[in-house]
Amino acid sequence: MLNRGNKKTLLPRSNFNNKKDDDYNSREKCSSNMNQNKVLTFLDNHFKKFQWKVILYSSLFWVITINYYETTYVKNAINQCMWNKWEKWDVDSNSHKVALFADPQIMDAHSYPGRPRPINYITRAIIDHYHSRNWKYVQYYLDPDTNFFLGDLFDGGRRWEDDYWIKEYERFHSIFPKKPNRKTVFSLPGNHDIGFGDTVVESSFERFSTFFGETSSRHDVGNHTFVLLDTISLSDTTNENISSVPKQFLTQYAKEVHPFPRILLTHVPLWRDPKEQQCGSERESPNLFPIMRGVQYQTVIDQSISQDVLSTIAPKYVFSGDDHDYCHIKHSYFSEGTSHIADEITVKSNAMNMGINKPAIQLLSLLNDGSSTDTIQTAICYMPNAFIPLLVYAVCAVINLFVVIYMVIKTRPKQQNLLPMPVGTDYDNEKSHHSSAMNTHTLANDTKRTAKYSCAILLIIFCIFYYYYNVI
(Lines give C-alpha, C1' and ligand atoms only; values in the text may rest on other atoms or scores of the structure.)
Protein backbone atom coordinates (compact mmCIF):
# COMPACT_ATOMS: atom_id res chain seq x y z
CA MET A 1 0.00 0.00 0.00
CA LEU A 2 2.79 2.31 0.82
CA ASN A 3 4.16 1.85 -2.64
CA ARG A 4 0.84 2.23 -4.35
CA GLY A 5 1.33 5.88 -4.92
CA ASN A 6 4.81 5.48 -6.26
CA LYS A 7 5.25 5.72 -9.96
CA LYS A 8 6.22 2.54 -11.64
CA THR A 9 8.74 2.80 -14.38
CA LEU A 10 7.87 0.55 -17.27
CA LEU A 11 10.27 -0.46 -19.98
CA PRO A 12 9.49 1.15 -23.29
CA ARG A 13 7.70 -1.15 -25.64
CA SER A 14 10.39 -0.76 -28.21
CA ASN A 15 13.06 -1.97 -25.76
CA PHE A 16 10.95 -4.95 -24.89
CA ASN A 17 10.63 -5.83 -28.55
CA ASN A 18 14.38 -5.40 -29.07
CA LYS A 19 15.15 -7.76 -26.23
CA LYS A 20 12.74 -10.26 -27.63
CA ASP A 21 14.30 -9.91 -31.07
CA ASP A 22 17.80 -10.36 -29.64
CA ASP A 23 16.77 -13.60 -27.98
CA TYR A 24 15.16 -14.77 -31.18
CA ASN A 25 18.22 -13.86 -33.26
CA SER A 26 20.50 -15.60 -30.79
CA ARG A 27 18.50 -18.80 -30.96
CA GLU A 28 18.34 -18.46 -34.73
CA LYS A 29 22.11 -18.02 -35.03
CA CYS A 30 22.73 -20.99 -32.76
CA SER A 31 20.40 -23.17 -34.80
CA SER A 32 21.92 -21.91 -38.03
CA ASN A 33 25.47 -22.59 -36.83
CA MET A 34 24.55 -26.11 -35.77
CA ASN A 35 22.98 -26.87 -39.13
CA GLN A 36 25.88 -25.33 -41.00
CA ASN A 37 28.34 -27.36 -38.94
CA LYS A 38 26.48 -30.50 -39.98
CA VAL A 39 26.60 -29.42 -43.61
CA LEU A 40 30.32 -28.59 -43.39
CA THR A 41 31.04 -31.93 -41.68
CA PHE A 42 29.22 -33.72 -44.51
CA LEU A 43 31.09 -31.70 -47.11
CA ASP A 44 34.45 -32.33 -45.45
CA ASN A 45 33.79 -36.05 -45.56
CA HIS A 46 32.77 -35.64 -49.19
CA PHE A 47 36.02 -33.76 -49.88
CA LYS A 48 38.06 -36.54 -48.29
CA LYS A 49 36.40 -39.06 -50.60
CA PHE A 50 36.98 -36.72 -53.53
CA GLN A 51 40.62 -36.29 -52.56
CA TRP A 52 41.31 -40.00 -52.67
CA LYS A 53 39.29 -40.48 -55.84
CA VAL A 54 41.03 -37.76 -57.83
CA ILE A 55 44.46 -38.95 -56.66
CA LEU A 56 43.64 -42.60 -57.30
CA TYR A 57 42.19 -42.03 -60.77
CA SER A 58 45.00 -39.64 -61.74
CA SER A 59 47.61 -42.15 -60.58
CA LEU A 60 45.98 -44.94 -62.56
CA PHE A 61 45.82 -42.71 -65.62
CA TRP A 62 49.53 -41.84 -65.35
CA VAL A 63 50.61 -45.44 -64.77
CA ILE A 64 48.79 -46.53 -67.94
CA THR A 65 50.12 -43.60 -70.01
CA ILE A 66 53.74 -43.80 -68.87
CA ASN A 67 53.82 -47.59 -69.10
CA TYR A 68 52.59 -47.43 -72.69
CA TYR A 69 55.18 -44.90 -73.86
CA GLU A 70 58.06 -46.43 -71.88
CA THR A 71 57.41 -50.05 -72.87
CA THR A 72 54.79 -50.81 -75.53
CA TYR A 73 55.61 -47.77 -77.66
CA VAL A 74 59.32 -48.66 -77.65
CA LYS A 75 58.69 -52.34 -78.27
CA ASN A 76 56.46 -51.55 -81.27
CA ALA A 77 59.23 -49.39 -82.80
CA ILE A 78 61.89 -52.07 -82.29
CA ASN A 79 59.59 -54.79 -83.64
CA GLN A 80 59.52 -52.95 -86.97
CA CYS A 81 63.23 -53.81 -87.27
CA MET A 82 62.98 -57.53 -86.63
CA TRP A 83 65.42 -59.39 -88.83
CA ASN A 84 62.85 -61.57 -90.58
CA LYS A 85 60.99 -58.45 -91.78
CA TRP A 86 63.79 -57.33 -94.08
CA GLU A 87 66.33 -60.17 -94.48
CA LYS A 88 66.11 -61.94 -97.83
CA TRP A 89 68.14 -65.05 -97.04
CA ASP A 90 66.71 -68.53 -97.31
CA VAL A 91 64.44 -69.49 -94.45
CA ASP A 92 66.89 -71.92 -92.88
CA SER A 93 69.88 -69.58 -93.12
CA ASN A 94 71.74 -68.66 -89.95
CA SER A 95 73.10 -65.17 -90.51
CA HIS A 96 75.39 -63.23 -88.21
CA LYS A 97 73.60 -60.12 -86.98
CA VAL A 98 75.36 -56.80 -86.39
CA ALA A 99 74.11 -53.45 -85.03
CA LEU A 100 75.95 -50.18 -85.69
CA PHE A 101 75.55 -47.23 -83.29
CA ALA A 102 76.76 -43.81 -84.41
CA ASP A 103 77.34 -40.65 -82.38
CA PRO A 104 75.58 -41.30 -79.06
CA GLN A 105 77.56 -38.26 -77.86
CA ILE A 106 76.25 -38.50 -74.31
CA MET A 107 75.47 -35.07 -72.90
CA ASP A 108 77.68 -33.61 -70.19
CA ALA A 109 77.44 -30.62 -67.87
CA HIS A 110 79.01 -28.34 -70.52
CA SER A 111 77.02 -29.41 -73.58
CA TYR A 112 74.56 -26.51 -73.25
CA PRO A 113 76.49 -23.84 -71.29
CA GLY A 114 73.76 -21.19 -71.51
CA ARG A 115 71.08 -23.28 -69.77
CA PRO A 116 70.35 -23.21 -66.04
CA ARG A 117 71.78 -26.14 -64.12
CA PRO A 118 68.38 -27.70 -63.20
CA ILE A 119 67.32 -27.65 -66.87
CA ASN A 120 70.62 -29.26 -67.87
CA TYR A 121 70.14 -31.95 -65.23
CA ILE A 122 66.63 -32.80 -66.42
CA THR A 123 67.71 -32.76 -70.08
CA ARG A 124 70.62 -35.08 -69.37
CA ALA A 125 68.37 -37.47 -67.43
CA ILE A 126 65.91 -37.64 -70.33
CA ILE A 127 68.65 -38.19 -72.94
CA ASP A 128 70.42 -40.82 -70.84
CA HIS A 129 67.15 -42.65 -70.31
CA TYR A 130 66.40 -42.54 -74.04
CA HIS A 131 69.79 -44.13 -74.79
CA SER A 132 69.61 -46.69 -72.01
CA ARG A 133 66.05 -47.78 -72.72
CA ASN A 134 66.61 -48.16 -76.47
CA TRP A 135 69.86 -50.05 -75.89
CA LYS A 136 68.09 -52.54 -73.59
CA TYR A 137 65.25 -53.11 -76.03
CA VAL A 138 67.60 -53.54 -78.99
CA GLN A 139 69.71 -56.04 -77.07
CA TYR A 140 66.67 -57.94 -75.79
CA TYR A 141 64.41 -58.04 -78.86
CA LEU A 142 66.85 -57.76 -81.77
CA ASP A 143 69.66 -59.47 -79.87
CA PRO A 144 72.50 -58.68 -82.32
CA ASP A 145 75.52 -60.96 -82.19
CA THR A 146 77.91 -58.00 -82.49
CA ASN A 147 77.63 -54.28 -81.74
CA PHE A 148 80.01 -51.65 -83.14
CA PHE A 149 80.04 -47.97 -82.12
CA LEU A 150 81.22 -45.49 -84.76
CA GLY A 151 82.76 -42.82 -82.54
CA ASP A 152 81.72 -39.66 -80.69
CA LEU A 153 80.87 -41.63 -77.58
CA PHE A 154 81.14 -38.42 -75.55
CA ASP A 155 80.25 -34.83 -76.29
CA GLY A 156 83.26 -33.08 -74.78
CA GLY A 157 85.63 -35.97 -74.06
CA ARG A 158 88.58 -34.32 -75.79
CA ARG A 159 88.50 -31.40 -73.28
CA TRP A 160 87.89 -33.14 -69.96
CA GLU A 161 90.35 -33.60 -67.16
CA ASP A 162 91.05 -37.20 -66.14
CA ASP A 163 88.84 -37.24 -63.03
CA TYR A 164 85.80 -35.97 -64.89
CA TRP A 165 86.52 -38.18 -67.90
CA ILE A 166 86.62 -41.34 -65.77
CA LYS A 167 83.25 -40.45 -64.20
CA GLU A 168 81.78 -40.00 -67.67
CA TYR A 169 83.44 -43.25 -68.79
CA GLU A 170 81.65 -45.08 -65.97
CA ARG A 171 78.40 -43.30 -66.82
CA PHE A 172 78.76 -44.32 -70.47
CA HIS A 173 79.06 -47.98 -69.49
CA SER A 174 76.05 -47.68 -67.20
CA ILE A 175 74.03 -46.46 -70.20
CA PHE A 176 75.46 -49.03 -72.65
CA PRO A 177 76.39 -52.08 -70.57
CA LYS A 178 77.93 -54.93 -72.53
CA LYS A 179 75.68 -57.94 -72.90
CA PRO A 180 77.15 -61.30 -71.85
CA ASN A 181 78.05 -63.65 -74.70
CA ARG A 182 77.80 -60.83 -77.23
CA LYS A 183 80.62 -58.82 -78.80
CA THR A 184 80.52 -55.04 -78.32
CA VAL A 185 83.30 -52.75 -79.59
CA PHE A 186 83.62 -49.11 -78.47
CA SER A 187 87.21 -48.43 -79.56
CA LEU A 188 86.67 -46.27 -82.67
CA PRO A 189 87.08 -42.61 -81.59
CA GLY A 190 85.28 -39.55 -82.90
CA ASN A 191 86.39 -35.95 -83.10
CA HIS A 192 84.40 -35.16 -79.94
CA ASP A 193 86.43 -37.84 -78.19
CA ILE A 194 89.97 -36.87 -79.26
CA GLY A 195 89.81 -33.98 -81.79
CA PHE A 196 90.50 -34.10 -85.53
CA GLY A 197 93.62 -34.14 -87.70
CA ASP A 198 96.23 -31.62 -86.62
CA THR A 199 94.09 -30.71 -83.60
CA VAL A 200 93.93 -34.21 -82.11
CA VAL A 201 94.71 -33.89 -78.40
CA GLU A 202 97.49 -36.39 -77.74
CA SER A 203 96.61 -36.94 -74.08
CA SER A 204 92.96 -37.53 -75.02
CA PHE A 205 94.02 -39.93 -77.76
CA GLU A 206 96.19 -41.95 -75.36
CA ARG A 207 93.51 -41.96 -72.67
CA PHE A 208 90.82 -43.12 -75.08
CA SER A 209 92.94 -45.99 -76.43
CA THR A 210 93.98 -47.00 -72.89
CA PHE A 211 90.39 -47.40 -71.69
CA PHE A 212 88.60 -48.51 -74.88
CA GLY A 213 91.34 -50.32 -76.80
CA GLU A 214 93.39 -49.68 -79.93
CA THR A 215 91.70 -47.03 -82.07
CA SER A 216 92.45 -48.99 -85.26
CA SER A 217 91.66 -52.69 -85.22
CA ARG A 218 90.19 -55.60 -87.17
CA HIS A 219 87.56 -58.12 -86.15
CA ASP A 220 86.52 -61.28 -87.98
CA VAL A 221 82.84 -61.91 -87.31
CA GLY A 222 80.27 -63.79 -89.36
CA ASN A 223 82.88 -64.77 -91.97
CA HIS A 224 83.49 -61.07 -92.65
CA THR A 225 86.35 -58.79 -91.62
CA PHE A 226 85.44 -55.50 -89.95
CA VAL A 227 88.24 -52.94 -90.16
CA LEU A 228 87.92 -50.10 -87.66
CA LEU A 229 90.20 -47.33 -88.91
CA ASP A 230 91.01 -44.18 -86.94
CA THR A 231 90.90 -41.86 -89.95
CA ILE A 232 90.84 -38.72 -87.80
CA SER A 233 94.27 -39.58 -86.36
CA LEU A 234 95.44 -40.67 -89.82
CA SER A 235 94.62 -37.12 -90.95
CA ASP A 236 97.12 -35.58 -88.50
CA THR A 237 100.03 -34.06 -90.45
CA THR A 238 101.97 -32.53 -87.54
CA ASN A 239 102.25 -35.12 -84.78
CA GLU A 240 103.87 -38.44 -85.67
CA ASN A 241 102.89 -39.86 -82.30
CA ILE A 242 99.29 -39.63 -83.44
CA SER A 243 99.37 -40.41 -87.18
CA SER A 244 101.94 -43.21 -86.95
CA VAL A 245 99.52 -45.47 -85.08
CA PRO A 246 96.91 -45.86 -87.87
CA LYS A 247 99.68 -45.81 -90.51
CA GLN A 248 101.39 -48.78 -88.89
CA PHE A 249 98.08 -50.55 -88.70
CA LEU A 250 97.49 -50.08 -92.44
CA THR A 251 101.02 -51.21 -93.26
CA GLN A 252 100.58 -54.39 -91.26
CA TYR A 253 97.11 -54.95 -92.69
CA ALA A 254 98.45 -54.75 -96.26
CA LYS A 255 100.92 -57.60 -95.52
CA GLU A 256 98.20 -59.98 -94.33
CA VAL A 257 95.87 -62.27 -96.24
CA HIS A 258 92.18 -61.50 -95.89
CA PRO A 259 89.93 -64.26 -97.19
CA PHE A 260 86.67 -62.72 -95.99
CA PRO A 261 84.70 -59.80 -97.46
CA ARG A 262 85.79 -56.59 -95.79
CA ILE A 263 83.70 -53.87 -94.13
CA LEU A 264 85.36 -50.56 -93.26
CA LEU A 265 84.19 -48.56 -90.22
CA THR A 266 85.32 -44.93 -89.96
CA HIS A 267 83.98 -42.10 -87.85
CA VAL A 268 84.30 -39.36 -90.48
CA PRO A 269 82.89 -40.14 -93.95
CA LEU A 270 85.24 -40.54 -96.90
CA TRP A 271 85.65 -37.90 -99.59
CA ARG A 272 82.89 -37.50 -102.15
CA ASP A 273 81.56 -35.03 -104.71
CA PRO A 274 78.17 -34.18 -103.17
CA LYS A 275 76.76 -32.99 -106.49
CA GLU A 276 77.58 -36.26 -108.21
CA GLN A 277 77.25 -38.59 -105.21
CA GLN A 278 73.94 -37.67 -103.63
CA CYS A 279 72.71 -39.27 -100.44
CA GLY A 280 69.35 -40.69 -101.45
CA SER A 281 65.77 -40.44 -100.20
CA GLU A 282 66.42 -41.67 -96.65
CA ARG A 283 68.30 -38.50 -95.78
CA GLU A 284 66.24 -36.03 -93.74
CA SER A 285 68.03 -32.88 -94.85
CA PRO A 286 67.13 -31.66 -98.35
CA ASN A 287 70.58 -30.09 -98.70
CA LEU A 288 73.62 -31.66 -100.31
CA PHE A 289 76.13 -33.40 -98.08
CA PRO A 290 78.24 -30.60 -96.53
CA ILE A 291 81.95 -30.30 -97.31
CA MET A 292 83.52 -28.10 -94.65
CA ARG A 293 86.03 -27.95 -91.86
CA GLY A 294 86.44 -26.04 -88.60
CA VAL A 295 87.95 -26.24 -85.13
CA GLN A 296 88.52 -29.93 -84.35
CA TYR A 297 86.19 -31.17 -87.06
CA GLN A 298 86.06 -31.91 -90.77
CA THR A 299 83.01 -33.35 -92.50
CA VAL A 300 84.95 -35.65 -94.85
CA ILE A 301 88.40 -37.25 -94.94
CA ASP A 302 90.76 -35.70 -97.51
CA GLN A 303 90.48 -37.18 -100.99
CA SER A 304 94.03 -38.58 -101.14
CA ILE A 305 93.71 -40.32 -97.76
CA SER A 306 90.29 -41.67 -98.70
CA GLN A 307 91.60 -43.29 -101.87
CA ASP A 308 94.62 -44.78 -100.07
CA VAL A 309 92.37 -46.28 -97.43
CA LEU A 310 89.97 -47.76 -100.00
CA SER A 311 92.77 -49.27 -102.11
CA THR A 312 94.51 -50.76 -99.05
CA ILE A 313 91.47 -52.26 -97.33
CA ALA A 314 89.39 -52.98 -100.46
CA PRO A 315 86.03 -53.00 -98.65
CA LYS A 316 82.66 -54.02 -100.05
CA TYR A 317 80.93 -51.66 -97.63
CA VAL A 318 81.97 -48.56 -95.69
CA PHE A 319 79.99 -47.37 -92.67
CA SER A 320 80.66 -43.94 -91.18
CA GLY A 321 79.15 -41.57 -88.63
CA ASP A 322 79.77 -37.93 -87.66
CA ASP A 323 77.15 -36.31 -89.93
CA HIS A 324 74.20 -37.54 -87.80
CA ASP A 325 71.99 -37.92 -90.90
CA TYR A 326 71.72 -40.81 -93.35
CA CYS A 327 73.66 -40.88 -96.61
CA HIS A 328 74.20 -43.72 -99.07
CA ILE A 329 76.72 -43.26 -101.90
CA LYS A 330 79.10 -45.42 -103.98
CA HIS A 331 82.89 -45.08 -104.24
CA SER A 332 85.03 -46.18 -107.18
CA TYR A 333 88.62 -47.21 -106.42
CA PHE A 334 91.48 -49.42 -107.65
CA SER A 335 93.01 -52.18 -105.59
CA GLU A 336 95.70 -54.54 -106.87
CA GLY A 337 95.11 -53.25 -110.40
CA THR A 338 91.39 -53.98 -110.37
CA SER A 339 88.49 -51.54 -110.28
CA HIS A 340 86.09 -51.90 -107.38
CA ILE A 341 82.88 -50.32 -106.11
CA ALA A 342 82.18 -49.82 -102.42
CA ASP A 343 78.89 -48.67 -100.89
CA GLU A 344 79.29 -46.13 -98.11
CA ILE A 345 76.44 -45.62 -95.67
CA THR A 346 76.67 -42.77 -93.19
CA VAL A 347 74.72 -44.05 -90.19
CA LYS A 348 72.20 -41.80 -88.49
CA SER A 349 72.89 -40.79 -84.92
CA ASN A 350 71.02 -42.83 -82.34
CA ALA A 351 70.72 -39.79 -80.04
CA MET A 352 67.60 -37.65 -79.66
CA ASN A 353 69.50 -34.34 -79.44
CA MET A 354 71.61 -34.43 -82.63
CA GLY A 355 69.40 -32.25 -84.81
CA ILE A 356 67.50 -35.01 -86.63
CA ASN A 357 63.88 -36.02 -86.25
CA LYS A 358 64.40 -39.78 -86.57
CA PRO A 359 67.33 -41.24 -84.62
CA ALA A 360 68.32 -44.68 -85.88
CA ILE A 361 70.86 -47.47 -85.87
CA GLN A 362 72.05 -49.52 -88.83
CA LEU A 363 71.53 -53.27 -88.93
CA LEU A 364 73.69 -55.70 -90.90
CA SER A 365 72.92 -59.30 -91.69
CA LEU A 366 75.98 -61.30 -92.74
CA LEU A 367 75.84 -64.67 -94.49
CA ASN A 368 79.02 -65.93 -96.12
CA ASP A 369 78.50 -69.65 -96.61
CA GLY A 370 79.93 -69.81 -100.14
CA SER A 371 76.53 -70.07 -101.82
CA SER A 372 76.34 -66.46 -103.01
CA THR A 373 78.55 -63.47 -103.77
CA ASP A 374 75.99 -61.22 -102.03
CA THR A 375 76.96 -61.74 -98.40
CA ILE A 376 75.77 -58.50 -96.77
CA GLN A 377 72.28 -57.12 -96.28
CA THR A 378 71.58 -53.93 -94.36
CA ALA A 379 68.62 -51.87 -93.16
CA ILE A 380 67.90 -48.76 -91.12
CA CYS A 381 66.29 -49.36 -87.74
CA TYR A 382 64.51 -46.24 -86.51
CA MET A 383 64.43 -45.65 -82.79
CA PRO A 384 61.13 -44.62 -81.17
CA ASN A 385 60.29 -40.94 -81.56
CA ALA A 386 61.71 -39.15 -78.54
CA PHE A 387 59.44 -36.12 -78.54
CA ILE A 388 55.96 -37.59 -79.00
CA PRO A 389 55.97 -39.09 -75.48
CA LEU A 390 57.22 -35.80 -74.01
CA LEU A 391 54.45 -33.92 -75.82
CA VAL A 392 51.84 -36.42 -74.63
CA TYR A 393 53.10 -36.13 -71.06
CA ALA A 394 52.85 -32.33 -71.22
CA VAL A 395 49.31 -32.41 -72.64
CA CYS A 396 48.23 -34.99 -70.07
CA ALA A 397 49.65 -32.84 -67.28
CA VAL A 398 47.62 -29.83 -68.44
CA ILE A 399 44.46 -31.93 -68.78
CA ASN A 400 45.00 -33.46 -65.34
CA LEU A 401 45.39 -30.00 -63.81
CA PHE A 402 42.15 -28.76 -65.40
CA VAL A 403 40.32 -31.87 -64.21
CA VAL A 404 41.50 -31.22 -60.64
CA ILE A 405 40.43 -27.55 -60.85
CA TYR A 406 37.04 -28.54 -62.25
CA MET A 407 36.44 -31.12 -59.53
CA VAL A 408 37.50 -28.69 -56.79
CA ILE A 409 35.06 -26.06 -58.06
CA LYS A 410 32.29 -28.57 -58.60
CA THR A 411 32.49 -29.98 -55.08
CA ARG A 412 33.18 -26.76 -53.17
CA PRO A 413 30.85 -26.10 -50.15
CA LYS A 414 28.04 -23.65 -50.89
CA GLN A 415 26.88 -20.93 -48.51
CA GLN A 416 23.71 -22.17 -46.79
CA ASN A 417 20.94 -19.73 -45.64
CA LEU A 418 18.79 -22.05 -43.60
CA LEU A 419 16.34 -19.42 -42.18
CA PRO A 420 14.99 -16.15 -43.63
CA MET A 421 16.84 -13.09 -42.40
CA PRO A 422 15.41 -9.61 -41.85
CA VAL A 423 15.86 -7.10 -44.63
CA GLY A 424 17.40 -3.73 -44.01
CA THR A 425 19.96 -1.35 -45.31
CA ASP A 426 22.55 -2.22 -42.66
CA TYR A 427 21.99 -5.89 -43.13
CA ASP A 428 22.31 -5.61 -46.91
CA ASN A 429 25.65 -3.86 -46.47
CA GLU A 430 26.78 -6.47 -43.98
CA LYS A 431 25.58 -9.25 -46.26
CA SER A 432 27.46 -7.76 -49.22
CA HIS A 433 30.63 -7.48 -47.15
CA HIS A 434 30.16 -11.00 -45.81
CA SER A 435 29.55 -12.36 -49.34
CA SER A 436 32.72 -10.69 -50.62
CA ALA A 437 34.71 -12.14 -47.74
CA MET A 438 33.23 -15.57 -48.40
CA ASN A 439 34.13 -15.37 -52.11
CA THR A 440 37.71 -14.47 -51.23
CA HIS A 441 37.84 -17.28 -48.72
CA THR A 442 36.36 -19.73 -51.24
CA LEU A 443 38.90 -18.77 -53.92
CA ALA A 444 41.76 -19.14 -51.47
CA ASN A 445 40.39 -22.48 -50.33
CA ASP A 446 40.02 -23.67 -53.94
CA THR A 447 43.58 -22.62 -54.73
CA LYS A 448 44.91 -24.33 -51.62
CA ARG A 449 43.00 -27.52 -52.33
CA THR A 450 44.06 -27.54 -56.00
CA ALA A 451 47.70 -27.03 -55.03
CA LYS A 452 47.48 -29.84 -52.47
CA TYR A 453 46.02 -32.33 -54.94
CA SER A 454 48.39 -31.24 -57.70
CA CYS A 455 51.44 -31.68 -55.47
CA ALA A 456 50.26 -35.14 -54.40
CA ILE A 457 49.70 -36.18 -58.03
CA LEU A 458 53.03 -34.65 -59.09
CA LEU A 459 54.83 -36.67 -56.42
CA ILE A 460 53.16 -39.85 -57.66
CA ILE A 461 54.11 -39.03 -61.27
CA PHE A 462 57.71 -38.46 -60.17
CA CYS A 463 57.75 -41.85 -58.43
CA ILE A 464 56.39 -43.56 -61.57
CA PHE A 465 59.04 -41.92 -63.76
CA TYR A 466 61.73 -42.77 -61.24
CA TYR A 467 60.71 -46.42 -61.43
CA TYR A 468 60.87 -46.49 -65.23
CA TYR A 469 64.05 -44.41 -65.41
CA ASN A 470 66.01 -46.30 -62.75
CA VAL A 471 64.48 -49.75 -62.32
CA ILE A 472 63.14 -50.87 -65.69
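Just report the Cα centroid separation between region 222-247 and region 121-154, whole Å.
26
How big is the Rg/Rh ratio for region 97-138, C-alpha atoms only, Rh by Kirkwood, two decimals?
My calculation puts Rg/Rh at 1.09.
For region 90-169, what size does the Cα cloud have along each of its three principal axes, sorted from largest down, in whole Å?
So the extents along the principal axes, rounded to whole Å, are 55, 24, 17.
With +1 on each Lys and Arg Cβ and -1 on each Asp and Glu Cβ, and nothing else charged, work out how big the dipole of region 215-271 is about its Cα centre, in Debye to the nearest 20.
Details: 4 positive and 5 negative charges, 31 e Å.
Its charge dipole is roughly 140 debye.
Computed over the Cα atoms of region 204-260, what is the ratio Rg over Rh, Rh following Kirkwood?
Details: Rg = 12.4 Å, Rh = 12.3 Å.
Value, to two decimals: 1.01.
Pairs 88/136; 85/275; 85/179; 75/275: which exceed 29 Å Cα-Cα?
Details: 88/136 26 Å; 85/275 33 Å; 85/179 24 Å; 75/275 39 Å.
The answer is 85/275; 75/275.
How long is the gain from residue 397 to residue 73 if the chain were fully straight, where each residue apart is worth 0.36 nm and the alpha carbon distance is subtracted? Walk me through the intermediate numbers first.
Working: separation 324, 0.36 × 324 = 116.64 nm, distance 1.91 nm.
Residue separation times 0.36 nm, minus the Cα-Cα distance, leaves 114.7 nm.
Let's test the formula: R0 of 35 Å, r as the Cβ-Cβ distance of residue 469 and residue 285. What FRET efficiency results, to the nearest 0.05?
Details: r = 32 Å, r/R0 = 0.90.
Using R0 = 35 Å, I get an efficiency of 0.65.
Answer rounded, prolate or oblate for region 231-319, using the Cα gyration tensor with square roots of eigenvalues a ≥ b ≥ c: rounded when a/c is under 1.5, else prolate when a/b is larger than b/c, else oblate. Don't skip to the end; give the middle numbers.
Values: a/c = 2.69, a/b = 1.33, b/c = 2.03.
In terms of gyration-tensor shape, oblate.
Note the full-extension length gain between residue 84 and residue 244 as 0.36 nm times their separation in residues minus their Cα-Cα distance, in nm to one decimal. Mind dumping the intermediate values first?
Values: separation 160, 0.36 × 160 = 57.60 nm, distance 4.33 nm.
Full-extension gain reported as 53.3 nm.
Over region 228-292, what percent of the accessible surface lies on carbon and sulfur atoms, probe 1.4 Å? Mind showing how you got there, number by number?
Details: 1680 of 3290 Å².
Of all accessible area on region 228-292, carbon and sulfur atoms account for 51 percent.
Regarding region 137-211, what is the average projected area of its C-alpha convex hull, in nm²? If you can, show how the numbers build up before the last one.
Working: hull surface 20.9 nm².
Value for region 137-211: 5.2 nm².
What size of dipole, in debye to the nearest 20, comes out for region 138-262 about its Cα centre when the only charges are +1 on Lys and Arg C-beta atoms and -1 on Asp and Glu C-beta atoms? Numbers along the way, then the final one.
Details: 13 positive and 19 negative charges, 103 e Å.
Computed charge dipole of region 138-262: roughly 500 debye.
Cα gyration tensor of region 76-221, axes a ≥ b ≥ c as square roots of the eigenvalues: rounded (a/c below 1.5), prolate (a/b > b/c) or oblate? Please list the in-between numbers first.
Working: a/c = 2.54, a/b = 1.48, b/c = 1.71.
It is oblate, given that a/c is not under 1.5 and a/b is not larger than b/c.
Between residue 377 and residue 56, what is the FRET efficiency for a Förster distance of 45 Å, r being their Cβ-Cβ separation, to the nearest 0.05? Display every interim value, and only then the final one.
Working: r = 51 Å, r/R0 = 1.13.
Computed FRET efficiency for residue 377 and residue 56 comes out at 0.30.
Looking at region 278-413, what % of the alpha carbon pairs are farther apart than 25 Å?
For region 278-413, the fraction of Cα-Cα distances above 25 Å is 49 percent.
Viscosity 0.890 mPa s, temperature 25 °C: Stokes-Einstein D of region 211-367 from its Kirkwood Cα radius, in µm² per second? Can you show the working numbers first?
On the way: Rh = 16.4 Å.
Rounded, D is 150 µm²/s.
Extending each Cα 7 Å along its Cβ direction at residue 178 and residue 115, get the distance between those two points in nm, one decimal.
Roughly 3.1 nm, to one decimal.
Classify region 332-392 from the C-alpha gyration tensor, please: rounded if a/c falls under 1.5, else prolate or oblate depending on whether a/b exceeds b/c. The partial results should precede the final answer.
On the way: a/c = 6.03, a/b = 2.20, b/c = 2.74.
Oblate, because a/c is 1.5 or more while a/b does not exceed b/c.
Counting just the Cα atoms, what span does region 310-355 cover along each of its three principal axes? Round to the nearest Å and put the largest first.
Reported extents, whole Å, longest axis first: 44, 15, 11.
The values are calculated or read from the model by the stated rules, or taken from the named source; none is laboratory data. From a predicted model like this one, the values you see are computed outputs, not experimental measurements. Methodologically, a virtual Cβ is constructed for each residue, glycine included, from the backbone with ideal geometry; neighbour enumeration extends over all protein chains shown. Note: areas computed on protein heavy atoms with side chains; ligands, DNA, RNA excluded. Shrake-Rupley method; radii C 1.70, N 1.55, O 1.52, S 1.80 Å.
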